[in-house]
Every structure is written in C-alpha cells, then in structure tokens.
Amino acid sequence: MTATPITTQHTLDQQPSLADYLRASSSSQHRDTETRSFITELMSGALSLADYTRYLGQYAWVYEALEQLVDRVSQVDRIDVFDPALDRLPAIESDLAALGVQDWRREHPPLPATTEYIAHLQSLTSADSVRCLAHHYTRYLGDLSGGQAIAALVARHYGAAPEQLGFYRFDAINNIVQYKRSYRDRLNAMLLAPAEVDTLVAEVDAAFTYNGAVFDGLAR
C-alpha cells in the first residue's frame with residue numbers, strides 16, 4: 001500500500017476523515033442492503049431458526065474466502081486493521097455445528113450470488129490491499145455494529161442459544177465500542193493517494209452489492 005498522502009485542492013483540515021468519508025459515501029448502498037426483504041423479515045421474527053442457519057451457511061463460504069484474502073495480503077503488506085481477533089470462520093463453523101449442521105459445505109452449498117461473491121474475493125491478489133481493505137471494513141465493522149443487534153434478535157425471536165451465536169461474540173476484544181473507535185482511528189491514519197481512496201470507495205460499494213445479492217438469494 002502506498003504511503004502517498006491524500007492530496008486535494010482543499011487543505012487537509014477541511015476534509016472529512018477517511019472513515020467518515022467512507023461512511024457517508026456508502027450510506028445509500030448500506031441502507032439498501034440492510035433493508036432487503038430477507039434481512040428485514042429475519043430481524044422481525046417472520047422467519048425461522050432454519051432460515052438463520054441458511055444465512056449462516058452462506059456466510060461460512062464468504063468468510064472463508066475473505067479470511068484467505070486477508071492472509072494473502074498480509075503476507076506482503078502490513079495493514080493495521082487486519083487483526084486476527086476479528087476472524088469469524090471458526091466461530092461460524094462452531095455455530096453451525098450447534099445448529100445441527102454436520103457438514104456445512106455439503107448441507108449449505110453456495111447460492112449463485114454467494115458463488116459470485118467468493119469468486120470475486122478469490123480473484124483479488126496480494127497486491128489488491130486497498131480492495132481487500134474495503135471488504136474487511138464492510139464485513140467486520142458490520143459484525144461489530146449491526147451484528148450485535150442481529151444476535152439479540154435471533155435469540156429473542158427464534159430461541160437461539162448462546163452456543164449458536166458465537167459469530168457475534170468477539171472474545172478477544174474487551175470493549176467493542178472502543179475497538180470500533182480504534183479501527184476507525186487506524187483507518188484514518190492510513191496514507192492513501194486520491195486514486196486509492198476512489199478504489200476503496202468503489203470496492204466498498206461493490207461489497208454491499210455482493211452482500212445484497214446474497215440476501216436476495218436467500219429470500220424465498
């Protein structure tokens with residue numbers, strides 16, 4: 001990742017932070033994704049624990065591909081926010097086992113939209129650190145934020161037990177609010193060229209598009 005700072009016609013103190021800029025630029029995509037019918041029905045209690053299990057089965061594939069990508073990039077580029085404490089695949093696999101899934105790969109094959117999502121992640125190389133960062137930001141900050149609400153609602157509506165909701169527990173993180181603040185601070189400390197910021201914003205939008213497609217694929 002380049003160490004060239006952002007340069008614009010405005011002074012730096014007139015610019016929003018990178019984290020604020022990302023949040024603002026992706027707000028419409030974020031809102032569109034989180035209001036897809038499957039997610040709104042799941043969160044309202046209109047579905048079932050089996051539907052939540054289907055959702056988790058698809059994201060096992062996504063996180064496997066994402067965490068493999070993070071490993072590839074980390075071999076050649078040190079990104080401060082890439083913290084192993086955020087890894088979710090082991091927790092997802094444990095949750096699926098607790099939900100009665102013996103072999104998630106066989107029982108929950110990827111939907112076409114999931115296949116496209118993971119194919120995109122797998123197409124990114126160790127040189128694609130900015131694009132990797134976009135997917136990292138989109139998924140893990142979401143898990144640390146809205147994911148906490150999802151866990152509470154799945155427990156309330158469908159009677160999910162704690163051992164079925166490990167996906168949303170970050171046992172290696174003492175204070176999630178402080179951790180999210182630290183993540184954004186580390187994001188803001190990165191020195192990205194304007195073209196890299198444009199790439200990051202575009203890839204965050206792509207990440208939301210891929211997630212929205214998975215949600216649509218889960219709707220039935």
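On the basis of the beta-carbon distance and an R0 of 22 Å, R31 and L153 show a calculated FRET efficiency of 0.75. For the chain, a crude dipole built from +1 on the beta carbon of Lys and Arg and -1 on the beta carbon of Asp and Glu, taken about the Cα centre, is about 320 debye to the nearest 20. For the chain, modelled as a GNM whose springs connect Cα atoms under 10 angstrom apart, the maximal fluctuation among D71, D128, D83 occurs at D83.
Between A189 and Q68, the contour length at 0.36 nm per residue exceeds the Cα-Cα span by 41.1 nm. Counted by Cβ distance under 15 Å from N174, the other residues give a net charge of +1, where Lys and Arg count +1 and Asp and Glu count -1. Here S48 and A24 are evaluated by their C-beta separation; at R0 = 30 Å the FRET efficiency comes out at 0.25.
Rounded to whole numbers, the Karplus 3J(HN,Hα) couplings from phi for segment 209-218 are 4, 4, 5, x, 5, 4, 4, 5, x, 7 Hz, using 6.51 cos²θ - 1.76 cosθ + 1.60 with θ = phi - 60°, and x at Gly and Pro. With all protein chains kept in place, the per residue accessible area of segment 112-180 amounts to 43 square angstrom at a probe of 1.4 angstrom. With the cut-off at 1.5 for a/c, could you classify segment 95-157 from its C-alpha gyration tensor as rounded, prolate or oblate? Verdict is oblate for segment 95-157. With a Förster radius of 30 Å applied to the beta-carbon distance between T125 and D80, the computed FRET efficiency rounds to 0.90.
In the elastic network of the chain, a GNM with C-alpha springs shorter than 10 Å, the most mobile of P110, P90, P16 is P16.
A P(r) calculated from all alpha carbon pairs of segment 80-198, with 5 Å bins opening at zero, reads 2, 9, 16, 19, 20, 17, 10, 5, 2, 0 percent. Springs between Cα atoms under 10 Å define the GNM used for the chain, and in it the highest mean-square fluctuation of A98, A172, A207 occurs at A172. Our note on the geometry: Cα centres of segment 20-57 and segment 63-123, 18 Å apart. In order along segment 117-122, the phi-based Karplus estimate (6.51 cos²θ - 1.76 cosθ + 1.60, θ = phi - 60°) of 3J(HN,Hα) comes to 4, 5, 5, 5, 4, 5 Hz; Gly and Pro are listed as x. Per-residue accessible area (protein heavy atoms, 1.4 Å probe) orders S129, S37 as S37, S129, starting from the largest.
Size descriptors for segment 13-71: radius of gyration and Dmax over Cα atoms are 16.1, 50 Å.
Taking θ as phi - 60° and the Karplus parameters 6.51, -1.76 and 1.60, the scalar couplings of segment 186-198 work out to 5, 4, 5, 7, 5, 9, 10, 5, x, 5, 5, 4, 4 Hz in sequence order, x denoting glycine and proline. Sorting T53, T209 by solvent-accessible area of protein heavy atoms yields T209, T53, largest first, with a 1.4 Å probe. Return the carbon/sulfur percentage of the accessible area of segment 80-135, one whole number, probe 1.4 Å, all protein chains in place. After summing per-atom areas, the C and S share lands at 49 percent. Rounded to the nearest 500, the 222 nm mean residue ellipticity of the chain from helices alone is -20500 deg cm²/dmol, with -39,500 (n - 2.57) taken per DSSP H run of at least 4 residues.
The values are calculated or read from the model by the stated rules, or taken from the named source; none is laboratory data. Note that the structure is a prediction, hence the values are computed from the model and not measured. Here the Cβ is made from the backbone with ideal geometry for all residues, glycine too, and neighbour counts use every protein chain on show. Remember, those area values only see protein heavy atoms, side chains included, never the ligands or the DNA or RNA. Shrake-Rupley method; radii C 1.70, N 1.55, O 1.52, S 1.80 Å.
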